[in-house]
Amino acid sequence: MTALSYRYVALTDTGLRRSTNQDSGYASNRLLVIADGMGGAAAGDLASSETMHIIRQLDRELDVDAMGALGQAVISANTRLGELIADDPAVEGMGTTLDALLWDGEKFAVAHLGDSRVYRLRERSLTQISTDHTFVQSLVDEGKITRDEARVHPHRSLLLRALLGRDDNEADLSWLQPMLGDRYLLCSDGLTDMINDDVIARALASETIDMAATELVRLALEAGGYDNVTVVVAEFVEKSAEPDPHLSSADGQPQLVGAAASQARPRTGTGSGGTSTAPTPFDPEELRYAPRPPSRLRWLRWAVVLVVLGAILGVSGAAAYSWSQRQFFVAAQDGKVTVFRGVRADIPGMTLQHVEQMTNVELTTLPAFRRKQVEDGIEAPSKADALKTVEQLDEFAVKPNPTPTPTPNPTPTKPSASPTKTKATVSTAVETEATWRR
Ligand code: CA
């Protein structure tokens with residue numbers, strides 16, 4: 001049998017209707033992952049990025065038993081979500097879908113949970129490998145509706161299983177045996193809600209996988225782009241094949257996109273290793289407008305201090321000081337989220353930071369995770385970026401509830417697909433708890 005390896009690409013777009021991206025995507029020569037977070041703006045990106053950070057550690061833990069390692073990583077991610085929810089009631093109800101394909105050199109170990117999908121294109125024929133854990137899929141399985149009807153069903157977003165930090169939602173684990181020439185697609189429902197399988201098949205067959213990924217995202221946006229759209233595409237080639245210099249994976253670096261790229265940090269203690277946290281070349285804006293924790297830039301601050309100190313002692317002190325005063329960051333001042341000009345370091349006898357603009361976003365209204373980010377300081381390349389960060393933080397703020405007004409004639413409440421995903425109970429053949437995805 002021909003020894004195989006694969007080329008890969010990961011691409012995401014926030015879409016045309018959402019202000020934040022709660023999807024995370026990852027592609028490397030050993031691991032392909034997608035996670036679509038849910039639970040409202042406050043938590044969806046946290047759930048997907050935390051899950052991604054735990055799952056992608058598989059990329060360096062060389063375990064001969066790929067399936068065992070993958071199953072364990074899913075359990076660890078679930079445990080982590082449970083801890084975050086226990087620590088911060090504000091993120092109660094958050095969760096994520098997960099599809100992870102771990103390459104053991106011959107085949108993929110696959111973990112699947114939720115309604116993100118895995119497709120295979122083999123000799124121009126498209127097959128959905130994963131089975132959606134959704135209410136509408138149960139109707140399809142029972143022969144009550146067709147796949148096309150499921151795609152536009154008003155309850156298509158109702159999930160029956162997802163990674164929710166609880167112990168009653170297990171992932172489907174299976175093996176997948178690729179063949180030479182196969183292409184695989186992992187995608188969030190922001191793609192499959194927008195375009196059907198025939199369109200996906202044609203786009204996935206594009207000349208190169210990079211073109212396929214770009215075309216898939218473009219088509220989802222053209223169809224309305226209602227949701228975040230994320231695709232991870234892989235193509236199997238002979239292991240001895242030279243890297244194609246025209247492809248984004250030619251550098252051999254992993255590709256991390258979406259919420260996990262915005263919040264990349266070594267939360268689990270093993271560091272980021274050789275994993276790149278840079279966005280793909282397709283989506284340079286992805287990181288630019290997302291709140292970022294300071295850990296990745298802490299070295300920069302200290303470098304700035306040293307440079308400024310050195311420069312002050314030298315001839316270009318004024319220029320260095322002037323440079324420092326063109327930097328911005330978001331931090332806390334008097335309990336409010338505040339934009340500062342300068343850098344977060346002072347030299348004896350000299351202050352390198354001052355308040356540029358106070359905002360009315362109260363620190364106490366932010367979820368604990370966001371509050372900590374602000375307390376640590378969030379760097380921004382410009383004042384506009386700093387203000388954009390404040391805007392995003394404000395979206396996470398818990399606004400005080402208005403005083404409830406008594407309703408003269410109360411009517412029975414019916415389930416509605418609210419913008420935030422909340423729990424609802426549905427009657428299906430197997431009575432179970434379901435989760436609204438939006
Ligand atoms: Ca989605």
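Quick note: the coordinates plus some simple rules give every number you see, no bench work behind them. Since the model is a prediction, treat every value here as computed from it, not as a measurement. All Cβ positions, even for glycine, are placed from backbone atoms using ideal geometry, and neighbour counts span all protein chains on display.
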Taking 0.36 nm per residue of separation between Glu106 and Asp87 and subtracting their Cα-Cα distance, the length gained on full extension comes to 2.8 nm
Rounded to whole Hz and in sequence order, give me ³J(HN,Hα) for the range 187-193 from the Karplus expression 6.51 cos²θ - 1.76 cosθ + 1.60, θ = phi - 60°, writing x for Gly and Pro.
-> 8, 8, 5, x, 8, 6, 6
Asp376 versus Val398: modelled label distance in nm, points set 7 Å from Cα along the beta carbon direction = 2.2
Backbone N under 19 Å from the Leu16 label point (7 Å along Cα→Cβ), restricted to the range 178-193 = 188-193
At 0.890 mPa s and 25 °C, Stokes D of the range 80-188 from Kirkwood alpha-carbon radius, µm² per second = 158
Would you pull out the residues with amide H under 5 Å of Thr134's amide H, same chain only if 5 or more places away, H placed 1.01 Å from N?
-> Leu160
Quote the charge dipole size of the range 4-267 about the Cα centre in Debye, to the nearest 20; the model charges only the Cβ of Lys and Arg (+1) and of Asp and Glu (-1).
-> 220
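Enter the mean projected area of the convex hull around the alpha-carbon atoms of the range 4-267, in nm², rounded to one decimal. Each step should come with its number before you reach the end.
Working: hull surface 53.3 nm².
Mean shadow area of the hull around the Cα atoms is 13.3 nm².
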Which value in nm describes the separation of the simple spin-label points at Arg122 and Arg326, placed 7 Å from the Cα toward the beta carbon?
-> 5.7
As computed over the range 324-396, the Cα convex hull volume per residue (Å³) = 77
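Rank by packing, highest mean first: peptides 239-250, 17-28, 177-188, with packing defined as the count of other Cβ atoms within 10 Å averaged across residues.
Values: 239-250: 13.1, 17-28: 25.8, 177-188: 20.8.
Output ranking for 239-250, 17-28, 177-188: 17-28, 177-188, 239-250.
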Full-extension gain in nm, Gln72 to Glu142, via 0.36 nm per residue minus C-alpha separation | 22.0 nm
